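Worksheet for the structure shown next.
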Amino acid sequence: MKRSFTSIFIFFISIATLAQAPQKLNSVEIYEQIQKLNFLGKVLYVAAHPDDENTKLITYFSNHYHAQTAYLSLTRGDGGQNLIGTELREKLGAIRTQELLAARRIDGGEQFFTRANDFGFSKEPNETFAIWNKEEVMEDVIQVMETFRPDIIVNRFAHNTPGTTHGHHTASAMLSLEAYDIIKYKPKRVFFNTSWWFYGSQEAFDAADKSNLLAVNSNVFYPLKGKSNNEIAALSRSQHKCQGFGTLGTRGDEIEYLELLKGDLPSNTNLFEGIDTSWNRVKGGNEIGKILYEIEKNFNFGNPSTHIPNLIKAYDLIQKLEDSHWKEIKTKQIIKIIEACSGLFMEAIADTETITKDSKFNLQLEVINRSQSNVKLISINALNIKNETQNKPLKNNERVSLEFKDVVVGNAVDYSNLFWLKEQQTEGMYQVSDKSIRILPEISTSFPVIFTMEIEGKTIEFVKNISYKFNNPDDGETYVPFTILPEFTSSIEPKVIIFNSTQPKEITIKVKAHKANTSGKLSLVIPQDWKIEPKEIPFSIEAKNEERKFTFKVYPTKPEITSKLIAQISTSNGTLDKELVSIQYPHIPKQTILVTSESKVVKLDIATKGKNIGYIMGAGDEVNKNLENLGFQVTNLNPNEITTENLKSFDAVILGIRAFNVVDELKFKNKILFDYVANGGNVIVQYNTTNNLITKEIAPYNIKLSRDRVTDENAKVTFLSPNHKVLNQPNKISEKDFTGWVQEQGLYYPNEWSSEFIPILASNDPGETPKNGGLLIAKYGKGNYIYTGLSFFRELPEGVSGAYRLLANLIALDK
């Protein structure tokens, strides 16, 4: 039977991602969930970015007190760098969102966001609020507080020390306190999670007045887990892999300090002093508590299902609570516990990972009761068809399988995508019209399947989501999200295409079919002053997931200009212009993103010298790919195989971002690079951070890195050495070459260097002294050693013509 899924398609919110295998709690985990069920208290931790959170405190609140604990990260971390791949901006935000969720699954917390876009580093909050829409971010912070209703708020950063840390950091604390003053529901107390770092030194902190500080020994030991608090916290923090925040667990006493900002200071280390966290907190809760405290006190670790009759009684009483807030929270918690105690397993598996709106697929359902409890399968509501009433008793360990054939999802369903990327964003804000989801980490875009069960005489609904499951030879049983895709997706490579003459270029478009036996017409959309041949290419593709390549000839305009080239496919169902981006790393679920299938085309009068470039990849960037746009032949060098002999063939060797932070071999190969320069080569070193340098000898002369940066990408640039070859050959560099830069002009500039280095440029953010270390060049032997903190890794992928021209001059120096 053909079945259409339209009217019941709704989003189901999930803190645990669909791409993970179904959660199957063991007895210890069930017991810990009962402890949380019996604690009616909440904590909200507030900061600006993924990895800002103190996982030690989140773990402590969640596992020591058993409090419902959440982290509000104002941004998704789009503006950071990436140590595990080349994804930046929105793609990096997708990774860091999932890393936060992975961290919360370990430390027991929950996760919230605002619509604020991490546009990059800012030096103080006024700069931040000039780009964010403060009113909208405040609206989201208020929504989180009013929805979550914390008893305690903990700010990671100080609200009253602007300019001492990232502007986003200070802004997060300021917004937290302003929101507190606005909301009607007042948390009992607000803290600032301070430490010696905020005082400048351990000595200054030791001498400071601590009368308003609470000292908490957070590193308790959890016998049920066999780990200390900070061992768990280290596992949580180590999920921030793209930022390189793996850390060691610790044991023994460790003190966290909380400075009181609002409310009263507890008289002892009980942070919930004065807050009723028992079931007596809610009207009608006393009877519920009597049942549930007894279960906790006498929990049967050998056979948790013995508690199901009393859990059902407590569930029934929870449904009668007048307090809708606690009723909703505790209903979700106890349903999860009942499911785990009864060993219930419910699953909905599609026979394909991807589907188009009008294609058919089969859905396999499995239900099993792995306990002696009295359980019946009443019905299954899936894909707009309510299965015939089953009223089927589920005997212990007897598997029930059902199959829906020829299912069609229907045109009313959105394509699978990250919800915050569906609407047009601004530099500072994501746009999410649906207020109900805008503060969430993710939403489920697969389809809900409602299993209605009768357990010990009580009817309860369990909601699962369709997934795709397969056997991976390396990992075994593997789950990935079930996704809805257009008939076709396309991609243009490269993402920036440079035309440095009036000659045409052949552009290749990859088209992938997501259903079998389908056809369309491919065309390229570009401003009228460009010419494309042919105008369109008809095509047909027989097999699902088959990919074909098509070639167009693009003739550039005469003037220098940057334009967009968009691939469009016309079908009988309309016009498609999406590229499919899949992000897969072992520590996070697979992410599916649909973006406009486009490439930037740049008509640029640029001269180059030299041909062969050696590139040593650092933390992950695409400078090497973008250099191929200029006709360079780029060879990615294996650091282990670098020798004096095999560098001879290169006109220049370029080190990727943070290479001296992440490429251990460079501590042994740096001298070979210096010899290459001495023999006439040019080495160009892109920025490194001050922390974790694998060697201090990053240059043949003394150079000292700092945290100096110019965050204003439009900052005026002064030429300190206007007659230097790098500003004149083979391209004349002028101020206009620094227009149109994105995110920030440069970062981690050196602030001290030996006299052999010549500073080329100076610029600064408003109110600051000029920073002269953005581009330093030293003659060493016959060649040139160049260190630059300029953000080429951001500018080249955006097609910034001035960045291409300047980098071409660096490569050509003395050639």
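Key figures for this structure:
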{"item": "Residue within region 748-760 that is among the aliphatic types (A, V, I, L, M), modelled with pLDDT of 95 or more, in contact with a Leu (Cβ under 9 Å, 6 or more places away or on another chain) and assigned to a loop (DSSP other than H, G, I, E, B) present", "result": "yes"}
{"item": "Some residue of region 113-123 being crowded, with 24+ Cβ neighbours inside 10 Å and assigned to a helix (DSSP H, G or I)", "result": "no"}
{"item": "Region 18-51 - residue that is surrounded by fewer than 21 Cβ atoms within 10 Å (Cβ to Cβ) and among the aromatic types (Phe, Trp, Tyr) and, of those, nearest to Val154 (Cα to Cα)", "result": "Phe39"}
{"item": "Total residues in region 409-437, condition surrounded by 20 or more Cβ atoms within 10 Å (Cβ to Cβ) and over 19 Å from Lys91 (Cβ atoms)", "result": "1"}
{"item": "Members of region 628-637 found to be out of contact with any Lys or Arg (no Cβ under 9 Å at 6 or more places or on another chain) and at pLDDT 95 or above, listed by number", "result": "Thr635, Asn636, Leu637"}
{"item": "Enumeration of residues in region 578-605 that are part of a loop (DSSP other than H, G, I, E, B) and buried (at least 20 other Cβ atoms within 10 Å of the Cβ)", "result": "Ser597, Leu604"}
{"item": "Residue in region 197-206 that is at negative phi, in contact (Cβ under 8 Å) with a residue 40 or more places away in the chain, assigned by TED's automatic domain parsing to the domain that holds Leu92 and of a type outside the set (Ser, Thr, Tyr) present", "result": "yes"}
{"item": "Some residue of region 625-648 being free of Cβ contacts under 8 Å to residues at least 12 places away in the same chain and either in contact with a Cys (Cβ under 6 Å, 6 or more places away or on another chain) or not charged (D, E, K, R) (or both)", "result": "yes"}
{"item": "Lone qualifier among Ile613, Ile561 - being modelled with pLDDT of 95 or more, out of contact with any Cys (no Cβ under 9 Å at 6 or more places or on another chain), within 28 Å of Leu807 (Cβ to Cβ) and of a type in the set (A, V, I, L, M)", "result": "Ile613"}
{"item": "So Ser195, is it within 31 Å of the chain's Cα centre (by Cα) and buried (at least 17 other Cβ atoms within 10 Å of the Cβ)", "result": "no"}
{"item": "All positions within region 289-321 that are under 23 Å from Arg149 (Cβ atoms) and without any contact (Cβ under 8 Å) to a residue 40 or more places away in the chain", "result": "Ala314, Leu317, Ile318, Gln319, Lys320, Leu321"}
{"item": "Filter result for Phe757 (crowded, with 21+ Cβ neighbours inside 10 Å, assigned by TED's automatic domain parsing to the domain that holds Val663 and not polar (S, T, N, Q))", "result": "yes"}
{"item": "Qualifying residue in region 570-586 (condition: of a type in the set (Phe, Trp, Tyr) and within 30 Å of Ile443 (Cβ to Cβ))", "result": "yes"}
{"item": "Which numbered condition Asn54 fails, given (1) surrounded by fewer than 23 Cβ atoms within 10 Å (Cβ to Cβ); (2) under 28 Å from Pro481 (Cα atoms)", "result": "(2)"}
{"item": "Asn500 vs. criteria under 28 Å from Lys515 (Cβ atoms), out of contact with any His (no Cβ under 7 Å at 6 or more places or on another chain) and not aliphatic (A, V, I, L, M)", "result": "no"}
{"item": "Subset of region 272-293 (residues that are within 14 Å of Asp323 (Cβ to Cβ), of a type in the set (Phe, Trp, Tyr) and surrounded by fewer than 17 Cβ atoms within 10 Å (Cβ to Cβ))", "result": "none"}
{"item": "Ile526 being closer than 25 Å to Leu604 by Cβ and of a type in the set (A, V, I, L, M)", "result": "yes"}
{"item": "In region 789-815, residue nearest to the chain's Cα centre (by Cα) [restricted to those that are within 16 Å of Asp737 (Cα to Cα) and not in a helix (DSSP H, G or I)]", "result": "Ser791"}
{"item": "Filtered residues of region 125-146 (kept if surrounded by fewer than 19 Cβ atoms within 10 Å (Cβ to Cβ) and assigned to a loop (DSSP other than H, G, I, E, B))", "result": "Asn133"}
{"item": "Within region 616-724, helices (runs of 4 or more DSSP H) holding 1 or more residues that are of a type in the set (Gly, Ala, Ser)", "result": "659-662, 666-678"}
{"item": "Residue check, Gly618 of a type in the set (Gly, Ala, Ser) and either surrounded by fewer than 23 Cβ atoms within 10 Å (Cβ to Cβ) or closer than 21 Å to Lys725 by Cβ (or both)", "result": "no"}
{"item": "Conditions (1) assigned to a strand (DSSP E or B); (2) buried (at least 20 other Cβ atoms within 10 Å of the Cβ); (3) not polar (S, T, N, Q): number failed by Gly773", "result": "(1)"}
{"item": "Cβ pairs under 9 Å, 6+ apart, first in region 273-285 and closer than 18 Å to Ile295 by Cα, second crowded, with 19+ Cβ neighbours inside 10 Å and acidic (Asp, Glu)", "result": "Thr277/Asp151"}
{"item": "Lone qualifier among Lys553, Lys564, Lys544, Lys549 - being in a loop (DSSP other than H, G, I, E, B), in contact with a strand residue (DSSP E or B) (Cβ under 8 Å, 6 or more places away or on another chain) and surrounded by fewer than 18 Cβ atoms within 10 Å (Cβ to Cβ)", "result": "Lys544"}
{"item": "Any hit, region 49-72, residues being of a type in the set (Ser, Thr, Tyr), under 17 Å from the mean Cα position of the chain (by Cα), in the same structural domain as Glu256 (by TED's automatic domain parsing) and assigned to a loop (DSSP other than H, G, I, E, B)", "result": "no"}
{"item": "Unmet requirement for Val137, which otherwise passes all of (1) more than 19 Å from Thr165 (Cβ to Cβ); (2) touching a strand residue (DSSP E or B) at 6+ places or on another chain (Cβ under 6 Å)", "result": "(1)"}
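Rundown of residues vs (1) loosely packed, with under 13 Cβ neighbours inside 10 Å; (2) over 18 Å from Asn54 (Cα atoms); (3) out of contact with any Cys (no Cβ under 6 Å at 6 or more places or on another chain), yes/no style:
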position: Ala207; (1), (2), (3): yes, yes, yes
position: Lys225; (1), (2), (3): no, yes, yes
position: Asn229; (1), (2), (3): no, no, yes
position: Thr250; (1), (2), (3): no, no, yes
position: Ile255; (1), (2), (3): yes, no, yes
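Yes/no matrix, rows are residues, columns are (1) within 36 Å of the chain's Cα centre (by Cα); (2) touching a residue at least 12 places away in the same chain (Cβ under 8 Å); (3) over 16 Å from Leu761 (Cβ atoms); (4) crowded, with 16+ Cβ neighbours inside 10 Å:
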| residue | (1), (2), (3), (4) |
| --- | --- |
| Gly680 | no, yes, yes, no |
| Ile684 | yes, yes, no, yes |
| Asn691 | yes, yes, yes, no |
| Thr695 | yes, yes, yes, no |
| Asn702 | no, yes, yes, no |
| Arg707 | yes, yes, yes, no |
| Val710 | yes, yes, no, yes |
| Lys716 | yes, yes, no, no |
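The values are calculated or read from the model by the stated rules, or taken from the named source; none is laboratory data. For clarity, every value in this text was computed on a predicted model and none was experimentally measured. Neighbour counts are summed over all protein chains in view; Cβ atoms, including those assigned to glycine, are modelled from backbone coordinates with ideal geometry.
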